[in-house]
1. What spacing in nm lies between the two simple spin-label points modelled at Arg422 and Ala371, each 7 Å away from Cα in the Cβ direction?
2. Using a 7 Å offset from the Cα along the Cα-to-Cβ direction at both Ser411 and Leu172, what is the distance between the two label points in nm, to one decimal?
3. What is the sum of charges, Lys and Arg at +1 and Asp and Glu at -1, for the other residues whose Cβ falls under 15 Å from the Cβ of Trp236?
4. Calculate the FRET efficiency for Glu128 and Glu44 from the Cβ-Cβ distance with a Förster distance of 41 Å, rounded to the nearest 0.05.
5. Given the peptides 422-434, 329-341, 150-162, arrange them by the average over their residues of other C-beta atoms within 10 Å, most packed first.
6. What does the charge add up to near Thr100, with Lys and Arg as +1, Asp and Glu as -1, over the other residues with Cβ less than 15 Å from its Cβ?
7. Tally Lys and Arg at +1 and Asp and Glu at -1 over the other residues with C-beta under 12 Å from the C-beta of Asp404: what net charge comes out?
8. With r as the distance between the Cβ atoms of Phe465 and Ile342 and R0 = 22 Å, compute the FRET efficiency 1/(1 + (r/R0)^6) and round to 0.05.
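The values are calculated or read from the model by the stated rules, or taken from the named source; none is laboratory data. A quick note: this is a predicted structure, and the numbers were derived from the prediction, not measured. Using ideal geometry, Cβ is built from the backbone for each residue, glycine included, and neighbour counts are taken over all protein chains shown. To get the accessible areas, we keep the full protein, side chains included, count just its heavy atoms, and leave off ligands, DNA and RNA. Shrake-Rupley method; radii C 1.70, N 1.55, O 1.52, S 1.80 Å.
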Amino acid sequence: SSDYADRIKESALEQAIKTVRDRVNSRGIAEPSIVRKGDDIIVELPGLDDQSIERVKTIIKRTAKLEFKIVDNDSEYMKKLARAVAADDRAKELGIEFDTETWVHDESGNRFNDTYLKAKNRTQWVDEAEARRRGCWAVDKPEKDGKFECEITGRQVIEEYLAQLFAEKPELKPDENHQIAYEQLPQLPGATEPPEWRTYYLHRTVELSGAAVSRADVVFNPTTNRPEVLVRFNRWGGRRFGELTSKNVGRKMAIILDDTVSSAPVIQTAITGGSSTITMGGSDIRQIQKEAEDLVAVLRTGSLPAPLREQSESILGPTLGRDAVDKAKFSFLLGSALVVVIMLWVYRTSGMISILALALNLLFMLAVLAALGAELTLPGIAALVLTVGMAVDANIIVYERIRDELRAGKSVRGAVDAGFDRAFTAILDGQLTTAAAGYVLYNYGSGPIQGFATMLLIGIFCTLFTAYWCTRRFFEIYISRRKVIGI
């Protein structure tokens, strides 16, 4: 019924919004604005360059459909298809070849063969209509005799050729229980040849899917020194994976991500540990690691209920929010200036030490932000202001405790040691209480609230380090050089 269809669509939209938000803000620092408008999802992100925008768009649009299927090794069908391709001049013109991979199972000694087609990426000159269809047409792109240059992947070359071949010879089509899948072969560092794609002849049955994955992490393979994605299965998935590998020892298992074979390792023995690895293609280690991190973010947040299509994109300047940002900066600078004046007036030399520790605190916070690649937005500035107040409050607790110890007749060094030791419990209690509130905001908030909570938690740890250990070290250095100190 229409009511049922509406409920399904509503549920899919809500799930898509949650999934997109989790993917974009997987570290709690992006502060995205993700809202629904009718059947559209509007995503707004602050402070991204062109490269980051493309990366985020790729992460958002991935369906993250992870599947495990068994390769049909020693297939007579692939041998027959390879013979037909070898006899076709069109395949030779397109650079499509066939090859056979052979391996021997270590324990049993059984020999296996896998016949496949392969083709490299190539450049073609096509007319405007075809260029528009392939998405390689552009106003400022050079043309030659009315044709446009398009790069076509080896997968597209094979797919388009096979579609034409099957239309002419339906008897060459795979049966309903099998399918042809594609993998981009990895390239060596510094390779100049275009990327190459190959085929796999798979059983169509999905033996295991991404629903069985409980965790995903980026790891480095010690043999190849390349990043990989380690996926761990839940209890049912681990048991099913063990059964699957035990029944297909010696054969290949294809790990398919978004309809592309990521890798197809040979099953040497039954794998009962409940985990598997996904290898990443490419030759640039930094790019491979970025892709692995993006894949982990996608797998951790789950699959989209339906594919997403980009409707429009626009880049807005900070005109509308400039006044708010300027006011936030002014309030931060004014508050910091007042803190400096009051601390110098009330605590003199000790106030200078607290100001130095505060400067270190802010420096450490900005360094952490830079390491995370985060943007300092309005909620972040608010958290900075709050951190300044908490850091100064921690110093005041210590200084007043030192004054009490001096009034009790202790020496300067003894008063400083006792003041720091006895004030630490109160400082830690206050910071942990605030950290608990920040943790709740981070877990149950979204967007700017998560950004504020992230900045607040970073500030708390930096404050504990600078307001206690750094300040104490500064006091020890000062006392060792002077006989008297004013508190």
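1. About 3.6 nm separates the two model spin labels.
2. Using points 7 Å along Cα→Cβ, the separation is 9.5 nm.
3. The answer is +3.
4. Once the sixth-power term is evaluated, E becomes 0.75.
5. Highest-to-lowest ranking by the protection proxy: 150-162, 422-434, 329-341.
6. Neighbour charge sum, excluding Thr100 itself: 0.
7. +3
8. Using R0 = 22 Å, I get an efficiency of 0.45.
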